[in-house]
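These notes are about the structure you will find just below.
The values are calculated or read from the model by the stated rules, or taken from the named source; none is laboratory data. Just so we're clear, the structure is a prediction, and the values are computed from it rather than from any experiment. Here Cβ is always computed from backbone atoms with ideal geometry, including for glycine, and neighbour counts include all displayed protein chains.
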2 protein chains.
Amino acid sequence: MNGDRFAAEVTVIGFDGDDTLWHSEDAFARAQERLVGLLAAYATGAEVLARLKEIEGRNRELFGYGVKGFTLCMLETAIEVSNGKVTMTDIELLLEIGREMLARPVDLLPGVAETLPLLADGYRLALITKGDLLHQESKIARSGLAGLFGTVTILSEKTPDSYLQVFGRLEIEPGQFMMVGNSEVSDVWPVVAVGGWAVLVPYPLKSLHESGFSLHQSSPRLRTLTRIDGLPALLSGAEGPSGATA
Amino acid sequence: MNGDRFAAEVTVIGFDGDDTLWHSEDAFARAQERLVGLLAAYATGAEVLARLKEIEGRNRELFGYGVKGFTLCMLETAIEVSNGKVTMTDIELLLEIGREMLARPVDLLPGVAETLPLLADGYRLALITKGDLLHQESKIARSGLAGLFGTVTILSEKTPDSYLQVFGRLEIEPGQFMMVGNSEVSDVWPVVAVGGWAVLVPYPLKSLHESGFSLHQSSPRLRTLTRIDGLPALLSGAEGPSGATA
């Protein structure tokens, strides 16, 4: 039976950070609400969010992911949507929102603090995130989880190639690796594509640049869980015959 | 004689990127000049630069190094120095300066394109930079030098510990490593402190947050060169009896 168990040969579990181990997207959502409120005299909420998404898209190649680039995009959006009529006090407020997002405490998702030490007993754990380098390092340090991870890798994009490089450094085959994360685009498909395993744990709020995009595909190498504390049962084969795929 | 040669046991040469292999600080200097010009009605150039330096200092822990954080600091400076009277057109201009800095072509320093392939013949080369993750990766890719480096490491800070981690990954002793860079703070002292070798190649423009700081110390494990193409002679022992230390 062991050979049929989901991810039976896995020795390394990779975890995404933002919105998998700790809250992140909720702060972006709150910042967007404040941007919408601030621009209420100039455009509807939907118009503001559409413009923000467009501006984030055109700046993605230059800015990448993370709070600093997001703050610069909010500023561009405020100026464009208001035709330059937004006040300097509003600009200061947006700068302040960015600093608040960077400074806010790390808030772990339910089940994370209990589950990761259990998994660290039987597996090597790797943290594989993307975003602002310093901000990610700071969140890892403040999470209280850093000691559980044998390796920490911060990428600008999570692609099949970047996962293959991680496997090389860890000296494992793809089939020995399972990724746990909230993003199909970053945590699931590039891993499954190169022969690894993946567990999707969706975050209630979807990031703006991913909304509208979903694979809606099943794979024998993918499971979906509603909470991370379902992992030990899934890995021990106690999940039941049909798996926990949603 | 061989044992007395500078860095005789070195097998890996680490290179800093910004202002060592390619121009970077000149763009920050030009951006600062434009900020000074834009605020000429409100303060002297010295006052503007002093305020910018103070704002960069207080945001360093949140922003780290790199163009995006620098852009946010220029915006804060413009608003503070003008008491909120700076125009929205000026804010837009500062946002545009940031995007220009991120998008500008990689401009190699003199001697780099010729010297690195020579060194790659006898040594393993490692690129060790700090700054915005995506921007650094993009500059490395556009530099045309990526193929010469066995490893590329992007750090949020260059500390003795971070160099020791690099040595661990490269599986070398500190005495087998030599760092080449333009910054005493980042490229020289943390390397020499843990038993490595260092070659300082100063950049004509010193970065604002480092000006006023200099070790002015000599070490048998440190040499100073005016151009990177002095490296092959230095490493072959052809530098002359007293070394090239300034």
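Of the residues that sit in the stretch A:1-52 and are of a type in the set (Gly, Ala, Ser) and touching a strand residue (DSSP E or B) at 6+ places or on another chain (Cβ under 6 Å), which one is nearest to A:Leu94 (Cα to Cα)? Quick ask: steps written out before the conclusion?
Residues of the stretch A:1-52 of a type in the set (Gly, Ala, Ser): A:3, A:7-8, A:14, A:17, A:24, A:27, A:29, A:31, A:37, A:40-41, A:43, A:45-46, A:50.
Next, only the ones that are touching a strand residue (DSSP E or B) at 6+ places or on another chain (Cβ under 6 Å) stay: A:7, A:14, A:17, A:24.
Working: A:Ala7: 45, A:Gly14: 34, A:Gly17: 25, A:Ser24: 18 Å.
Per the stated criteria, the residue is A:Ser24.
Condition check: within 14 Å of chain B (Cβ to nearest Cβ) and in contact (Cβ under 8 Å) with a residue 60 or more places away in the chain. Does A:Lys53 satisfy that? Step through it out loud before you land on a result.
Details: within 14 Å of chain B (Cβ to nearest Cβ): no; in contact (Cβ under 8 Å) with a residue 60 or more places away in the chain: yes.
No: the conditions fail for A:Lys53.
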Which one of these is under 19 Å from B:Ala27 (Cβ atoms) and among the hydroxyl-bearing types (Ser, Thr, Tyr): B:Ser162, B:Ser143?
-> B:Ser143
Quick one: in the stretch B:56-74, of everything that is in a helix (DSSP H, G or I) and facing chain A (nearest Cβ under 7 Å), which residue is surrounded by the fewest Cβ atoms within 10 Å (Cβ to Cβ)?
-> B:Leu62
Failed item in (1) within 28 Å of A:Glu157 (Cβ to Cβ); (2) within 11 Å of chain B (Cβ to nearest Cβ); (3) not in a helix (DSSP H, G or I), with A:Val86 passing the rest | (1)
Which one of these does B:Ala113 not meet: (1) free of Cβ contacts under 8 Å to residues at least 60 places away in the same chain; (2) among the hydrophobic types (A, V, I, L, M, F, W, C); (3) not assigned by TED's automatic domain parsing to the domain that holds B:Leu164?
-> (3)
Is one or more of the residues making up the stretch B:86-108 under 20 Å from B:Ala198 (Cα atoms), at pLDDT 95 or above and within 20 Å of the chain's Cα centre (by Cα)?
-> no
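Which residues, counting only those in the stretch A:1-27, are hydrophobic (A, V, I, L, M, F, W, C) and surrounded by 18 or more Cβ atoms within 10 Å (Cβ to Cβ)?
Initial filter on the stretch A:1-27 (hydrophobic (A, V, I, L, M, F, W, C)): A:1, A:6-8, A:10, A:12-13, A:15, A:21-22, A:27.
Matches in the stretch A:1-27: A:Phe6, A:Ala7, A:Val10, A:Val12, A:Ile13, A:Phe15, A:Leu21, A:Trp22, A:Ala27.
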Could you grab me the full set of residues in the stretch A:109-125 that are under 21 Å from the mean Cα position of the chain (by Cα), in a loop (DSSP other than H, G, I, E, B) and not aliphatic (A, V, I, L, M)?
-> A:Pro110, A:Gly111
Of the numbered conditions (1) at pLDDT 95 or above; (2) away from chain A (no Cβ under 14 Å), B:Asn2 satisfies every one except a single condition; which is it?
-> (1)
In the list B:Ser138, B:Ser143, B:Ser183, which residue meets the criterion of being under 29 Å from A:Ser138 (Cβ atoms), in contact with a Lys or Arg (Cβ under 9 Å, 6 or more places away or on another chain) and either of a type outside the set (Asp, Glu) or not assigned by TED's automatic domain parsing to the domain that holds B:Pro232 (or both)?
-> B:Ser183
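Okay, residues lined up against (1) within 13 Å of chain A (Cβ to nearest Cβ); (2) surrounded by fewer than 14 Cβ atoms within 10 Å (Cβ to Cβ); (3) out of contact with any helix residue (DSSP H, G or I) (no Cβ under 6 Å at 6 or more places or on another chain):
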site: B:Leu102; (1), (2), (3): yes, no, no
site: B:Ala120; (1), (2), (3): no, no, no
site: B:Arg124; (1), (2), (3): no, no, yes
site: B:Leu133; (1), (2), (3): yes, no, no
site: B:Ser138; (1), (2), (3): yes, no, yes
Tell me which residues, restricted to the stretch B:91-140, are of a type in the set (S, T, N, Q) and closer than 23 Å to B:Thr11 by Cα.
-> B:Thr115, B:Thr129
Unmet criterion (only one of (1) closer than 27 Å to B:Ile55 by Cα; (2) within 23 Å of the chain's Cα centre (by Cα); (3) buried (at least 19 other Cβ atoms within 10 Å of the Cβ)) for A:Thr77 = (2)
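Table: residues versus (1) closer than 24 Å to B:Leu102 by Cα; (2) at pLDDT 95 or above; (3) over 15 Å from the mean Cα position of the chain (by Cα).
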{"residue": "B:Glu137", "(1), (2), (3)": "yes, no, no"}
{"residue": "B:Val152", "(1), (2), (3)": "yes, no, no"}
{"residue": "B:Trp197", "(1), (2), (3)": "no, yes, yes"}
{"residue": "B:Leu200", "(1), (2), (3)": "no, yes, no"}
{"residue": "B:Pro204", "(1), (2), (3)": "yes, no, no"}
{"residue": "B:His209", "(1), (2), (3)": "yes, no, no"}
{"residue": "B:Gly237", "(1), (2), (3)": "no, no, yes"}
{"residue": "B:Ser242", "(1), (2), (3)": "no, no, yes"}
Among the residues of the stretch A:149-163, which ones are part of a helix (DSSP H, G or I), surrounded by 15 or more Cβ atoms within 10 Å (Cβ to Cβ) and either touching a Ser or Thr at 6+ places or on another chain (Cβ under 6 Å) or more than 11 Å from every other protein chain (Cβ to nearest Cβ) (or both)?
-> A:Pro160, A:Tyr163
Which of the residues belonging to the stretch A:168-183 are without any contact (Cβ under 8 Å) to a residue 12 or more places away in the chain and either assigned to a helix (DSSP H, G or I) or buried (at least 16 other Cβ atoms within 10 Å of the Cβ) (or both)?
-> A:Gly168
Consider only pairs whose beta carbons are under 9 Å apart and that are at least six residues apart or on different chains; among these, list those whose first residue lies in the stretch A:57-68 and is farther than 15 Å from A:Glu137 by Cβ and whose second residue is of a type in the set (Asp, Glu).
-> A:Asn59/A:Glu76; A:Phe63/A:Glu56; A:Phe63/B:Asp132; A:Gly64/A:Asp132; A:Gly64/A:Glu157; A:Gly64/B:Asp132; A:Gly64/B:Glu137
Farther than 20 Å from A:Ile128 by Cα, at the interface with chain B (Cβ under 9 Å from one of its Cβ atoms), assigned to a helix (DSSP H, G or I) and in contact with a helix residue (DSSP H, G or I) (Cβ under 9 Å, 6 or more places away or on another chain): does that describe A:Glu33?
-> no
